[in-house]
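Notes follow the structure.
The values are calculated or read from the model by the stated rules, or taken from the named source; none is laboratory data. What you see is a predicted model, and the numbers here were worked out from it, not measured in a lab. Cβ placement follows ideal geometry from the backbone for every residue including glycine, while neighbour counts extend to all protein chains displayed. These accessible areas exclude ligands, DNA and RNA; they are computed on the full protein's heavy atoms, side chains included. Shrake-Rupley method; radii C 1.70, N 1.55, O 1.52, S 1.80 Å.
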Amino acid sequence: MNVSVGIPASASLALVSAVNLAKRYPVSAGWFRRDRSFIHAVDGVSFDLMPGETLGLVGESGCGKTTTGRMLVRLTEPTDGQVLFKNQSGDLEDIAHLKGAPLKDFRRRAQMVFQDPYESMNPRRTIFDTVAEPLHVQKIGDHSERFERVSETLSMVGLTPPASFLFRFPHELSGGQRQRVAIARALVMEPSFVVADEPTSMLDISIRTGIMQLMNELADRLGIGYLYITHDLAVARYMCSRIAVMYLGKIVEMGDTEDVLQYPVHPYTKALLSAVPVPDPEATRDALSIKGSVSAPVDPLPRCRFYDRCPIADDYCRDNDHPPLEDKGAGRLAACHKA
Amino acid sequence: MTTDPVLVVEDLKMHYVTRAGTVRAVDGVSFAVARGQSLGLVGESGCGKSSIAMTLLKLLPDNARLVSGSIILNGVDLTTLSEDQMRAHRWDRISMVFQAAMNSLDPVYRVGDQIIEALEAHSASAGRDAMERVRELFDLVSLDPTYIRRYPHEYSGGMRQRAIIAMALACEPDIIIADEPTTALDVIVQDHILREMQAIQRSLNMSMIYISHDMAVIAEVCDVVGVMYAGKLVEFGPTTEVYARPIHPYTKALMSAFPSVRGEKHDLTTLPGEPPDLLDLPAGCAFHPRCAYATDECRTSIPPTVQRGDHWATCWNPVDDLGGE
Amino acid sequence: MSAVNAQHAVPTALWRARLRLALQSLRENWQLFVRTRIGIIGLAIIGLYALLALAHPILMNTVWEPRTYDPVVGYAFDETQQPAPPSLKHLLGTDPLGRDILSQLMFSARSEFLLGLLAATVTVVIGTAVGAIAAYFGGWVDTLLMRLADIMIMMPAISVLIVLSALIGVEHFELALIIGILSGFGATGVVLKSQALSVVVKPYIDAARSAGGGHFHIILVHIVPNLLPLSFLYMMFTVTSAIFSEAVLSFLGLLDVRMSWGLMIHTTESAGYLLQVTEFWWLIFPASLSITLLCSAFYLVGRSLDEVVNPRLRSR
Ligand SMILES: Nc1ncnc2c1ncn2[C@@H]1O[C@H](COP(=O)(O)OP(=O)(O)OP(=O)(O)O)[C@@H](O)[C@H]1O
Ligand SMILES: Nc1ncnc2c1ncn2[C@@H]1O[C@H](COP(=O)(O)OP(=O)(O)OP(=O)(O)O)[C@@H](O)[C@H]1O
Ligand code: SF4
Ligand SMILES: [Mg+2]
Ligand SMILES: [Mg+2]
């Protein structure tokens, strides 16, 4: 593995390492056309996630956040690139070829919390069934041990007393409670890595804060590494120590959260930040410098993905390939010719 | 801003009758909107924001009951109008951008034709005039005129939302109700639309009711804000006042639960408990089970109105007790 | 809680919760079902025929003397002339071979039920499996199953059955299997697949996968239960088509069955009474009316279930 882009020397300490991940989806180009087009949903994404760290993945809708997350837990097969995961013996291992017992072990240690608390639970199964499912399919413990473990996990996510929730059905719970169940299901196996795909975006503010705090607390206590996917920069600020900003399948900026939010380097990050409304009626925001909206990245031209909307683009950006994600000083990575 | 009110709502009550019981979705709401003013309604999901909007337009489902109250638009009480008379008022004087409006365009007709149809239905203009008007409207919401002859699926989400806004503006209504018009959109698109709506509203001196659960959006768009909890307005006042010195503990809690990208990173506080069940409201102040300031009175009796100039709230224990009783 | 206690308490509580959900949805669905009315009419007719079917062996063992009343080999010695019109002893008269029509009718009802239910069960088992597997695996598995379905749908069931019955003797059991296979791999499988497609994209399927659940676990635990309501609906339609096909085939004399409603009409026809309907009405009407009624009854129940499981069809 000698891919240099964005992989620090500390890679071997990483819990999960994405190496040049790419996912292309074919789209039909029209009737009678043989040459197929591709949506470049994720295109050369690399990063490392340390144990116990929370990395935020932010960006507009359709930029490839979910696809990236799904590839990390092997729910989607990458078209290119690798996902390396620290296995039991502490070595980074390519998850693409896992089978049988090692795959089960990976499934035990890498979990995902899905975006939608309403659709991510089978309506015909009790909360106990749902949370115990990983234990059941992994054949961990007998009935009473599973029961103990599920109860513990439910109280850990704040569903107390667990006995009053165990035998209810999803439709008998509120949105916030369901989201807690979804988190409990991901945590019941005591994973070391969790992909959290917008776990709070469907929830009300008042409930949202509680879930965010809960996840932070659990990350600290259990040393879980999170990949936290969100389109809300403010949420990312409270959840993540580092963030990666994605645009059309590429990471365009990555660094410490506070740093990135205070001193964004990439023009897209700047635009994204200045578009976030402020809950202060007396504050004024500058007009946005970028126009238009994201389009699907179908067969993108070999130039900066942000070129069409970029306020500072010039001829160099037009005539050169997409800029690499490189160090712009103080550990900040950005992909821009002009930054 | 003039003080002459365009819309005055008095003691509005609208309940849904369901098999499980009566849902008090709008439970005694009063407010007024002045010409050119924009009023924001904030509150958590299910507190009755959309229900107010639907009641104002009298677009209610069969199981809804308008229990009491008056809705006076330019001196006409809408509650007394027949459905035919009401139809003449809708679009013309009061129009609406619905929640999830993006999907309310008919996929089989060109967007321009749909607007023309709306215009002709209100005999605002027809034929060539109507086309001219559509051009104006597209210009107003910054849509390229070539899109007039395109179908909804050729539009992006943000463009569709703009087309819907153009449609709502078609008859130059006195007041426009926007129910979460940008909730499904990305921040950048949202930013464009918010700015356009504000500009249009100012230039036409139109009034607006803007519904959202996002405190930040309301802060940017609205002059006055009403905070709703469990079918009632619990706090009302000029946006700057309400945000700087909230009176109601719920408003305060909402604001400190709201993460911000800018400024100091303050600790977020959590509101305990669950949103209220409108079928079975707690006695006294509906917020008391979740309120950090709740006292015995809160649990038993309806809270009084605390008035500070044109800023008021209903609470036994106002958070910011500047008044010094 | 002691370990022993917990071991027993968990499954009990779990099953109690499941039972509660089942009962609750049963109650709600029953109310919706009742509200459609047509379903109730269908159910009443089905109930009536079920009673007739159940009563037959009892009558044969008590009041009906087998030599006279046996539906196949009996002979009404008490009548002077065959076919005899309805009388107190033979409420629906006798057929040209001197057998009691009511007894034949009741005896056949049982085999119609067995035929219908067997065909429906086979259909649904195959259809559910085909739908779930095609939707879950996709790719070539899906293509293969769907091409097979195309073939099944294109084959006109009746003519296939005619050919088959000419080649191998077809009895009720074989008939049920053939109808079940045709419909299960055919139309029912296709419908259930499209339903299954809306289930396989649900995030809880992904959640089960990322928990380490195998294909078998996911199909059995998550997909199939969500197909059952629709499967049950298609069971009703299959019963209708099974009874109808049986009637046609036995009328044509192509089935190796001892007695059935279709065969009753066939007997009438081969004895040359078919065109004298007004004169010998008891030879035709009981059997043909029964076929019509029972077919429509299952159809009505199916339609009504359709409104229950497809909320979009529910009349407001
Ligand atoms: N199964 C699929 N087949 C084809 N295209 C897909 C598929 N899944 C995703 N895409 C496309 O890939 C791109 C990235 O999608 P993805 O779901 O990863 O975005 P996202 O960043 O998670 O967006 P959101 O914030 O809306 O969830 C989009 O253009 C999407 O249309
Ligand atoms: N037709 C109806 N019949 C019965 N109850 C209803 C009906 N429509 C809405 N409700 C209930 O009335 C309450 C208020 O609903 P409303 O749609 O006004 O909330 P909202 O504040 O707009 O919420 P959101 O932010 O989720 O859009 C909710 O509890 C809802 O469940
Ligand atoms: S590389 Fe050029 S086009 Fe791309 S973001 Fe930087 S300045 Fe803009
Ligand atoms: Mg996503
Ligand atoms: Mg609403």
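What residue among C:ARG16, C:ARG110, C:ARG258 has the largest mean-square fluctuation in a Gaussian network model of chain C, using Cα springs under 10 Å?
Looking only at C:ARG16, C:ARG110, C:ARG258, the biggest GNM fluctuation is shown by C:ARG16.
Taking all protein chains together and a probe of 1.4 Å, list A:GLU77, A:GLU53 from the most accessible to the least accessible. Let's see the in-between values first.
Working: A:GLU77 95, A:GLU53 25 Å².
Accessible-area ranking of A:GLU77, A:GLU53, largest first: A:GLU77, A:GLU53.
If the convex hull of the alpha-carbon atoms of the range A:121-186 is projected onto planes in all directions, what is the mean projected area in square nanometres? It would help to have the intermediate numbers written out before the result.
Details: hull surface 15.5 nm².
Average projection, Cα convex hull of the range A:121-186: 3.9 nm².
Which value, in Å to one decimal place, does the Kirkwood hydrodynamic radius take for the range B:175-303 when every pair of different Cα atoms is included?
On the way: mean 1/r = 0.0605 Å⁻¹.
Every distinct Cα pair counted, the radius reaches 16.5 Å.
For the range C:157-238, what is the per residue volume of the convex hull drawn over the alpha-carbon atoms, in cubic angstrom?
Values: hull volume 8.3 nm³, N = 82.
Roughly 101 Å³ of hull volume per residue.
Take every Cα-Cα distance within the range B:100-170, group them into 10 Å bins from 0 onward, and report for each bin the whole-number percent of pairs it holds.
Taking all Cα pairs of the range B:100-170, the binned fractions are 23, 60, 17, 0 percent.
Using +1 on the beta carbon of Lys and Arg, -1 on that of Asp and Glu, and nothing else charged, what's the dipole of chain A about the Cα centre, debye to 20? Let's see the in-between values first.
Values: 38 positive and 42 negative charges, 176 e Å.
For chain A, the charge dipole is close to 840 debye.
Keeping every protein chain in place, order B:ARG87, B:ARG93 by accessible area at 1.4 Å, biggest value first, i.e. largest first. Kindly include the intermediate steps, with their values, before the conclusion.
Values: B:ARG87 120, B:ARG93 95 Å².
The ordering from most to least exposed comes out as B:ARG87, B:ARG93.
Could you order C:LEU51, C:LEU175 so the one with the most accessible surface comes first? Probe is 1.4 Å. Intermediate values should be presented prior to the final figure.
Working: C:LEU51 115, C:LEU175 0 Å².
Solvent-accessible surface, decreasing: C:LEU51, C:LEU175.
Name the residue, out of C:SER111, C:SER241, C:SER159, whose mean-square fluctuation peaks in a Gaussian network model built on chain C with Cα pairs under 10 Å.
Per the Cα network of chain C with a 10 Å cutoff, C:SER159 tops the list.
Wrap a convex hull around the Cα atoms of the range A:195-338, take a quarter of its surface area, and give that in square nanometres. Numbers along the way, then the final one.
Details: hull surface 41.4 nm².
Mean projected area for the range A:195-338: 10.3 nm², to one decimal.
What average count of beta carbons from other chains do you get within 10 Å of the Cβ of residues in B:235-242?
Numbers: counts 0, 0, 0, 1, 3, 3, 1, 1.
That average works out to 1.
Between A:MET215, A:MET202, A:MET112, find the one with the highest GNM mean-square fluctuation for chain A; connect C-alpha pairs within less than 10 Å.
Comparing A:MET215, A:MET202, A:MET112 in the GNM, the peak value goes to A:MET202.
Just counting partner chain Cβ atoms within 10 Å, what average do the residues of peptide B:261-269 show around their Cβ? List each step's numbers first, then the result.
On the way: counts 15, 13, 4, 0, 6, 1, 3, 9, 4.
Taking all residues of B:261-269 together, the mean is 6.
Quick one: net charge around C:PRO71, please, counting Lys, Arg +1 and Asp, Glu -1 for every other residue with C-beta under 9 Å from its C-beta. It would help to have the intermediate numbers written out before the result.
On the way: positive: C:ARG99, C:ARG258; negative: C:ASP70, C:ASP100.
Result for the local shell: 0.
Might you work out the accessible area of C:SER25 for me, using a 1.4 Å probe with all protein chains in place, and round it to the nearest 10 Å²?
Its heavy atoms expose roughly 50 Å² to the probe.
Step through the residues of the range C:225-237 one at a time and calculate ³J(HN,Hα) from phi using the Karplus curve (6.51 cos²θ - 1.76 cosθ + 1.60, θ = phi - 60°), rounding each to whole Hz and writing x for Gly and Pro.
Once rounded to whole Hz, the list reads x, 7, 9, 4, x, 5, 4, 4, 4, 6, 4, 4, 5.
When the Karplus curve 6.51 cos²θ - 1.76 cosθ + 1.60 is applied with θ = phi - 60°, which whole-Hz ³J(HN,Hα) does each residue of the range C:265-277 get, with x for Gly and Pro?
For the range C:265-277, the Karplus-derived couplings read 5, 4, 4, 4, 5, 6, 7, x, 9, 4, 8, 9, 4 Hz, x marking Gly and Pro.
Tell me, what is the Rg over Rh of the range B:118-240, with Rh the Kirkwood radius over Cα pairs? Could you put the intermediate results ahead of the total?
Values: Rg = 15.8 Å, Rh = 15.8 Å.
Using Cα coordinates only, the ratio equals 1.00.
Please compute the net charge surrounding A:LYS250, taking Lys and Arg as +1 and Asp and Glu as -1 over other residues with Cβ under 9 Å from its Cβ.
Working: positive: A:ARG305; negative: A:ASP43.
Counting the neighbours of A:LYS250, the net charge comes to 0.
From Cα coordinates alone, what are the radius of gyration and Dmax values for chain B in angstrom?
For chain B, the Cα radius of gyration and maximum Cα-Cα distance read 20.5, 67 Å.
As a test question: what accessible area, to the nearest 10 Å², does A:THR76 have when a 1.4 Å probe is rolled over all protein chains in place?
A:THR76 exposes around 20 Å² with every protein chain in place.
Can you list the HN-Hα couplings for the range A:57-70, worked out from phi with the Karplus curve (6.51, -1.76, 1.60; θ = phi - 60°), rounded to whole Hz and with x for Gly and Pro?
My calculation for the range A:57-70 gives 10, 10, x, 5, 4, x, 7, x, 5, 4, 4, 4, x, 5 Hz in order.
Just order B:176-184, C:207-215 by mean Cβ neighbour count inside 10 Å, highest at the front, would you? Don't skip to the end; give the middle numbers.
Values: B:176-184: 22.8, C:207-215: 20.7.
Per-residue mean Cβ counts within 10 Å order the peptides as B:176-184, C:207-215.
At q = 0.24 Å⁻¹, what is the base-10 log of I(q)/I(0) for the range A:193-253 according to the Debye formula with one equal point scatterer per Cα and no solvent? Please give it to two decimals.
For the range A:193-253, the Cα-only Debye profile gives -1.08.
Express in Å², to the nearest 10, the accessible area of C:TYR49 obtained by rolling a 1.4 Å probe over the protein heavy atoms while all chains stay in place.
Only protein atoms counted, so the area is about 20 Å².
If you take each beta carbon of peptide A:132-139 and count the beta carbons of other chains within 10 angstrom, what is the mean?
On the way: counts 3, 9, 6, 2, 6, 9, 3, 1.
Across A:132-139, the average partner-chain Cβ count within 10 Å equals 5.
Looking only at Cα atoms, what is the convex hull volume of chain A per residue, in Å³?
Numbers: hull volume 57.8 nm³, N = 339.
Dividing the Cα hull volume of chain A by its residues yields 170 Å³.
What do the square roots of 5 times the Cα gyration tensor eigenvalues come to for chain C, in whole Å, largest first, as semi-axes of the equivalent ellipsoid?
Numbers: eigenvalues 388, 118, 61 Å².
Equivalent-ellipsoid dimensions as semi-axes: 44, 24, 17 Å.
Helix-derived [θ] at 222 nm for chain A: sum -39500 (n - 2.57) over DSSP H runs of at least 4, divide by residue count, nearest 500? Don't jump to the answer; show the numbers that get you there.
Working: 11 runs with 105 residues, N = 339.
The helix-only estimate for chain A comes to -9000 deg cm²/dmol at 222 nm.
Counting residues in the range B:244-291 as N, plug N into 2.2 N^0.38 Å and put the Cα Rg over that result. Can you show the working numbers first?
Numbers: Rg = 13.1 Å, N = 48, 2.2 N^0.38 = 9.6 Å.
In units of the globular-protein estimate, the range B:244-291 measures up at 1.37.
How much net charge surrounds B:TYR155 when only the other residues with a Cβ under 13 Å from the Cβ of B:TYR155 are counted, with Lys and Arg +1 and Asp and Glu -1?
+2
For the protein assembly as shown, compute Rh as the Kirkwood radius over C-alpha pairs and then the Stokes-Einstein diffusion coefficient at 37 °C and 0.692 mPa s; write the answer in µm²/s, rounded to an integer.
On the way: Rh = 33.1 Å.
In µm²/s, the coefficient is 99.
What is the gain in length, in nm to one decimal, between A:GLN138 and A:ASP91 on full extension, counting 0.36 nm per residue of separation less the C-alpha to C-alpha distance? Please list the in-between numbers first.
Working: separation 47, 0.36 × 47 = 16.92 nm, distance 2.25 nm.
The span from A:GLN138 to A:ASP91 would gain 14.7 nm if fully extended.
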